[in-house]
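The values are calculated or read from the model by the stated rules, or taken from the named source; none is laboratory data. Predicted, not measured: the structure shown is a model, and the values here were computed from it. In this analysis, Cβ positions are derived from the backbone assuming ideal geometry, glycine residues included, and neighbour counts consider all displayed protein chains.
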Amino acid sequence: MRRKIDTYLEKWADRKNSRPLLIRGARRVGKTYALKKLGEEKFRTDGIAYCDFQTNLEQLNYIFSGTTEVDRIVSDLALFLRQDVIEGKTLIALDEIQLCEKALNSLRFFAQSNYRVIATGSQLGIALRDRTLPFPSDVDQVVLRPMDFEEFLWACNEKRMADAIREAFTENKAFLLHEEALALYHKYIVVGGMPLVASEFTKNNDYDQVRTLQAEIDRTYAADIALYAPKESAVHAQAVWESIPMQLARETTRKFKYTDVAKGGRERKYRAPLAWLEAAELVLLNYQTNETQAPLIARGDGAFFKVYLADTGIMFYRLNISPDMYLDKTKRQALSARFRGALAENYVMQTLVANDLNTFYWVPGTTSQSEVEFILQNRHGVLIPVEVKSGDNVNSASLNMYIKKSKCPFAIRISAKNYGFENGILSVPLYAAFCIDEQSMLKVQNPLNL
């Protein structure tokens, strides 16, 4: 499957003097696939020297612990792999490098050479906390996240539709295939962006298989928590992980509540386990702000926030609703509005983070029930509120309140409605959330020319 990171990796491969590259991301998001794909397509002549630290940790740890000399490391790798490793030509691929601290540290030595090196790392945010060696300098980094909806469309052989959605966003014109795109969006909510799940779905269109694979990934994450989280907080981290879907789907979702994790829950018990989940890139945090002017800052030094799962498909699986119930329009309307809203909000958060946008959500005061799901700020200090609706009922006093208080140039409403612009609000269909990125945010002075 084509991923957006492929373009980045191809440009890296085409540069003659590229520094070592570290691909970060949660487990199962496709790091290894992207790495091997690059090797096959760009280094087929001189090959890929692939090293898997998960399956060969003892031998690889011995190689990287024995010396800091690049030529000696390469010589030992060539012997271990039984292949030539040619400077400047062979791709040295170090998969799951976080398992070997000295291998991670060796990237700084490779930066002074002509060898082509890419490493991948899961749970690096955790591994780096316990390091005794400094993080290597002169290393480029890129984060790979679950597939967004645009990548899902590519996987479904709908690139023409994806391109047309972007064109409609740019020109702010009604999209011809609106209903078809909405139907695919709802499928994406069920399937999510984990590459293996999406790949199997596009082959077989089998939702039972989708749920089987999602269950396996969910169990893998739960096992990782038990295995890698600090012993004193592993149980608490698992409790936080279990509580997140229902926290988003409850009637009032203005913040994450420790008391929803366990009766009598307190910050001192659950904040560190939550930070572990965030460092493992299993969850995403959106901080509350009361600000209506730039720069945006978190309320209460970050004490108020919402927590989302990194993949909406896993979120759907965890909420335990049959895909048939959600994919049928009539049955979907009979489901709880909170359930539908939680899925849409998680999806938008996942999409904005994938586009490297820094998000907040807005609440005007400690007692107010008003809320705007996302507030974005571009580099010019312009604030853009983003409201999320799972359907086409788009009345909102909260968004109007924020527009009035902030005097922002315009607002975005993501909903089931088609493109449009009215009363200072730009209507963006749910399926087009991937179009909202830093580049579009820099053009907000004239929303009709997005």
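Residue selection: THR259 satisfies the criterion of being of a type in the set (S, T, N, Q), part of a helix (DSSP H, G or I) and at pLDDT below 95.
Selection of segment 283-305 for residues being out of contact with any Phe, Trp or Tyr (no Cβ under 6 Å at 6 or more places or on another chain) and under 19 Å from ARG145 (Cβ atoms) yields only VAL283. Considering segment 340-356 alone, what residues qualify as being crowded, with 19+ Cβ neighbours inside 10 Å and either of a type in the set (A, V, I, L, M, F, W, C) or over 30 Å from THR212 (Cα atoms) (or both)? Selection gives ALA342, LEU343, ALA344, VAL348, MET349, LEU352, VAL353, ALA354. Selection within segment 25-74: residues that are among the basic types (Lys, Arg) and not in a loop (DSSP other than H, G, I, E, B). The member of this set that is farthest from the chain's Cα centre (by Cα) is ARG72. With respect to the conditions (1) closer than 30 Å to GLY25 by Cβ; (2) surrounded by fewer than 17 Cβ atoms within 10 Å (Cβ to Cβ); (3) touching a residue at least 60 places away in the same chain (Cβ under 8 Å), GLN439 falls short on a single one, namely (3).
Mind listing whichever residues of segment 160-182 are in contact (Cβ under 8 Å) with a residue 40 or more places away in the chain and either assigned by TED's automatic domain parsing to the domain that holds LEU107 or assigned to a helix (DSSP H, G or I) (or both)? Across segment 160-182, the qualifying residues are ILE165, ARG166, ALA168, PHE169, THR170, HIS178, ALA181, LEU182.
Going by the structure shown, is MET315 without any contact (Cβ under 8 Å) to a residue 24 or more places away in the chain, in contact with a helix residue (DSSP H, G or I) (Cβ under 7 Å, 6 or more places away or on another chain) and either farther than 26 Å from LEU399 by Cβ or of a type outside the set (Lys, Arg) (or both)? So MET315 fails the test. Every condition in (1) surrounded by fewer than 16 Cβ atoms within 10 Å (Cβ to Cβ); (2) touching a residue at least 24 places away in the same chain (Cβ under 8 Å); (3) β-branched (Val, Ile, Thr) is met by THR55 except one, and the failing one is (2).
Checked against the criterion of being in contact with a Ser or Thr (Cβ under 6 Å, 6 or more places away or on another chain) and not polar (S, T, N, Q), the candidates ASP71, ASP46, ASP52 yield just one match: ASP46. Kindly establish whether SER390 is crowded, with 21+ Cβ neighbours inside 10 Å and either on the phi > 0 side of the Ramachandran plot or modelled with pLDDT under 95 (or both). It is true that SER390 is crowded, with 21+ Cβ neighbours inside 10 Å and either on the phi > 0 side of the Ramachandran plot or modelled with pLDDT under 95 (or both).
The number of residues in segment 200-211 being loosely packed, with under 13 Cβ neighbours inside 10 Å and in a helix (DSSP H, G or I) comes to 3.
When we screen ARG24, ARG19 for residues that are more than 20 Å from ALA155 (Cβ to Cβ), surrounded by fewer than 22 Cβ atoms within 10 Å (Cβ to Cβ) and in contact with a Gly (Cβ under 7 Å, 6 or more places away or on another chain), the only hit is ARG24.
Restricting segment 96-116 to residues that are touching a strand residue (DSSP E or B) at 6+ places or on another chain (Cβ under 8 Å) and more than 14 Å from SER137 (Cβ to Cβ), the residue that is modelled with the lowest pLDDT is GLN98. Could you please find all residues in segment 264-295 being part of a loop (DSSP other than H, G, I, E, B) and either among the β-branched types (Val, Ile, Thr) or within 22 Å of the chain's Cα centre (by Cα) (or both)? Across segment 264-295, the qualifying residues are ALA280, GLU281, LEU282, THR292. Determine if segment 360-381 includes at least one residue that is surrounded by fewer than 21 Cβ atoms within 10 Å (Cβ to Cβ), without any contact (Cβ under 8 Å) to a residue 60 or more places away in the chain, more than 24 Å from ASP163 (Cα to Cα) and of a type in the set (A, V, I, L, M). Scanning segment 360-381, I find no residue that is surrounded by fewer than 21 Cβ atoms within 10 Å (Cβ to Cβ), without any contact (Cβ under 8 Å) to a residue 60 or more places away in the chain, more than 24 Å from ASP163 (Cα to Cα) and of a type in the set (A, V, I, L, M), so the answer is no.
If you check ILE425, ILE412 for being aliphatic (A, V, I, L, M), more than 16 Å from PHE360 (Cβ to Cβ) and either touching a residue at least 12 places away in the same chain (Cβ under 8 Å) or surrounded by 14 or more Cβ atoms within 10 Å (Cβ to Cβ) (or both), only one passes: ILE425.
I'm checking my understanding of the structure. Among residues of segment 126-148 that are in a helix (DSSP H, G or I) and surrounded by 17 or more Cβ atoms within 10 Å (Cβ to Cβ), which one is modelled with the highest pLDDT? Here the answer is ILE126.
Looking across segment 286-320, the residues that are of a type in the set (Val, Ile, Thr) and either closer than 30 Å to SER368 by Cβ or surrounded by fewer than 17 Cβ atoms within 10 Å (Cβ to Cβ) (or both) come down to THR289, THR292, ILE297, VAL307, THR312.
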